[in-house]
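Student: Got a structure for you, written out below as structure tokens; questions coming shortly.
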Amino acid sequence: MAVIKKFLGKTVEIPEDRNYCSKQGLWGKQENRTIMFGLTQPALVLMGGIKDVDWLLEEGQTVQANESVAFAITGKILYIDTPVAGEVHYNKITAKNPSQINADPYGQGWLFMIKPGGDVATAYRSLVLAESYIETLRNTEGFKNPEGIKGGVSGICKAVYSGIGQQKI
């Protein structure tokens with residue numbers, strides 16, 4: 001388990017027993033003939049957590065790689081794409097209780113499974129290893145603002161945050 005102690009003011013974990021889709025902050029874990037997907041702790045910290053989630057397609061429908069399969073409400077609206085093609089199956093626990101995604105992202109808080117039409121091992125290998133995912137995180141606000149300072153660390157972010165705080169709405 002890789003641990004980042006200061007990531008936007010939080011400690012986050014990245015399990016090394018799974019592969020990752022850096023683009024959306026998804027982890028993938030091969031389970032027999034399927035690949036289970038969920039959001040990583042760093043992704044959840046960066047987006048401020050999940051408040052609600054809804055599925056965009058029917059259970060068991062065939063999807064293409066990079067097709068949106070879920071709609072999540074965080075601090076903004078987020079469309080979650082599948083990194084691999086196949087038959088989609090959703091986690092019924094997270095549909096009823098989206099807070100489970102934030103509470104247990106690497107366990108019961110997984111989002112969906114894909115049963116690839118082809119070789120599951122080949123589809124799984126299309127995702128990157130934990131070390132590569134961590135490298136992509138180095139360019140995010142999480143690493144650039146390890147203490148989690150409100151308003152960020154850049155001069156522009158601080159000016160905007162200060163201005164918003166002074167507005168009379």
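Student: When residues of the range 100-117 are filtered for being without any contact (Cβ under 8 Å) to a residue 12 or more places away in the chain and surrounded by fewer than 18 Cβ atoms within 10 Å (Cβ to Cβ), how many remain?
Tutor: Number satisfying all stated conditions: 3.
Student: Restricted to the range 48-68, and to residues that are under 19 Å from Gln108 (Cβ atoms) and touching a Ser or Thr at 6+ places or on another chain (Cβ under 7 Å), which residue is surrounded by the fewest Cβ atoms within 10 Å (Cβ to Cβ)?
Tutor: Taking the candidates together, the pick is Lys51.
Student: Follow-up. Against the definition (polar (S, T, N, Q), modelled with pLDDT under 90 and surrounded by 10 or more Cβ atoms within 10 Å (Cβ to Cβ)), how does Ser162 come out, yes or no?
Tutor: yes
Student: In the range 25-46, which residue that is over 13 Å from the mean Cα position of the chain (by Cα) and assigned to a loop (DSSP other than H, G, I, E, B) is surrounded by the fewest Cβ atoms within 10 Å (Cβ to Cβ)?
Tutor: Checking each candidate, the answer is Asn32.
The values are calculated or read from the model by the stated rules, or taken from the named source; none is laboratory data. Everything quoted here is computed from the prediction, not taken from an experiment. Glycine also receives a Cβ, built like all others from the backbone with ideal geometry; neighbour counts cover every protein chain displayed.
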